[in-house]
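To keep things clear, I will list the structure first and then write my remarks on it.
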Amino acid sequence: MEENQLHRARKHVVEAMEQGFPWHEAAKRAGLQISQSTAYRLRQRMRQGGEPALREGRHGHPVKLRGEVRQWLERTCRQTPFTPSHEIQTQLAQQFSLQISVSQINRTRATLGVSNPPQSAKKK
């Protein structure tokens, strides 16, 4: 759903609730699948901040591991699969001036299929 459509639907939910409709009926009429707590949160936001408060304010986090850095990570992990993520973290900081958490590195490794093998695989 586009941002303007989402804004109108949220407004419709709040207006219907203010007219006495139960939250689930208001959401259904607006074409939204939301929880009860979300419906009441929307109503509270509108009461406190007016209609502009219903606009989505989140922008997300930029993806740090893309392009050249992601290719480097995949190549490095395929060549030396037993390299611990904390060492990769240090190399990324040195080579690309990026501060990336070990958990983010692990998630990306898993997505790329180049996770660090378990200890039992290292001994063989």
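No value in this document is a laboratory result; all are computed from the given coordinates. The structure presented is a predicted model; accordingly, all values stated were derived computationally and were not measured. Neighbour counts run over all protein chains shown; Cβ positions are idealised from the backbone, glycine included.
Relative to the longest principal axis of the C-alpha atoms of the chain, give the angle of the C-alpha long axis of helix 85-96, reported between 0 and 90° and rounded to the nearest 10°.
Around 90 degrees separate the two axes.
Where the only charges are on Cβ atoms (+1 Lys, Arg; -1 Asp, Glu), what is the dipole of the chain about its Cα centre, to the nearest 20 debye?
With only Lys, Arg, Asp and Glu charged at Cβ, the dipole is about 420 debye.
On C-alpha positions alone, give me the angle between the axis of helix 3-18 and the longest principal axis of the chain, in degrees, nearest 10.
Around 40 degrees separate the two axes.
Using Cα pairs closer than 8 Å and at least 6 residues apart in sequence, work out the relative contact order for region 67-117, in percent.
Relative contact order here is 45 percent.
Per Stokes-Einstein, at 25 °C and 0.890 mPa s, what whole-number D in µm² s⁻¹ belongs to region 67-117, with the Kirkwood radius over Cα pairs as the hydrodynamic radius?
Values: Rh = 10.6 Å.
Rounded to a whole number, D works out at 231 µm²/s.
So for the chain, taking the charge dipole from beta-carbon charges (+1 Lys/Arg, -1 Asp/Glu), which of H24, T90, S37 sits furthest toward the positive end?
After comparing all options, I get T90.
Among V69, I105, P117, whose Cα lies farthest out toward the positive end of the dipole of region 67-117, if unit charges sit on the beta carbon of Lys, Arg (+1) and Asp, Glu (-1)?
It is P117, whose Cα lies furthest towards the positive end.
Going by alpha carbons, how many degrees (0 to 90, nearest 10) lie between the helix axis of 36-49 and the longest principal axis of the chain?
It is inclined by approximately 70 degrees.
Ignoring everything except DSSP H segments at least 4 long, calculate the 222 nm mean residue ellipticity for the chain; use -39,500 (n - 2.57) per segment, divide by total residues, nearest 500.
The helix contribution divided over the chain gives -19500 deg cm²/dmol.
Output the relative contact order of region 3-54, whole-number percent, from Cα pairs under 8 angstrom with separation of 6+ residues.
36
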